[in-house]
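Note sheet for the following structure.
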Amino acid sequence: MESVGLILLVTLSIINCINAPKTLGLSKDNPKVKTARKLQIIFLIFAIGSFIILSIGLDDIFSSGVNDKILVIINATIIMYFGNSLPKLQIYKNICASNTWAMGDEKIWKNTSKGFAYLSFFIGISMIILSFYFDANNVKTVCNFIWFALPSLYLLLYYSNKFRVTNIK
């Protein structure tokens with residue numbers, strides 16, 4: 001069943017990578033299309049790599065502590081890469097983003113993605129450092145939660161203040 005899921009993910013990612021200019025409504029040579037394609041390729045590498053790593057059985061090669069550190073380093077690298085790539089992307093209505101904040105407010109998108117980039121780098125580095133002192137699985141879980149929670153909290157506070165100001169007027 002995992003193989004079927006991997007085949008579906010790879011197929012859909014390749015289709016999305018090929019159709020990126022059409023989806024974004026831009027030319028093939030546009031840097032934003034290239035960034036979107038790079039993100040698709042990184043996702044493919046991650047999906048196929050994780051499947052191969054599970055198939056090889058790293059537990060036979062390394063100890064479980066080393067395996068945990070390897071997985072933390074891979075996770076931190078992916079977080080830093082996505083954090084670096086996100087500010088380069090722009091919002092497009094034909095991507096079908098369902099968040100209302102993402103559709104209408106380009107300024108808040110730029111602020112959030114810039115903050116997300118700094119946060120991603122900080123979390124990636126701290127994840128690697130903390131995994132040597134604490135349990136790697138707990139560090140990975142907490143850092144991933146923070147990685148998702150802080151930008152969401154920022155948006156929540158921003159829009160609650162924005163709606164509060166519009167309701168007062």
When ranked by the protection proxy of mean other Cβ atoms within 10 Å per residue, highest first, what sequence do the peptides 75-86, 8-19 form? 75-86, 8-19
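Based on the alpha-carbon gyration tensor of segment 1-56 and its eigenvalue square roots a ≥ b ≥ c, which shape applies: rounded if a/c is under 1.5, prolate if not and a/b is larger than b/c, or oblate?
Since a/c reaches 1.5 but b/c is at least a/b, the shape of segment 1-56 is classed as oblate.
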By average Cβ neighbour count within 10 Å, what is the ranking of 21-29, 111-119 from highest down? 111-119, 21-29
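Here, each number is a calculation from the coordinates, and none is a lab measurement. Keep in mind the model is a prediction, meaning the values are calculated, not measured. Backbone-built Cβ (ideal geometry, glycine too); neighbour counts: all protein chains shown.
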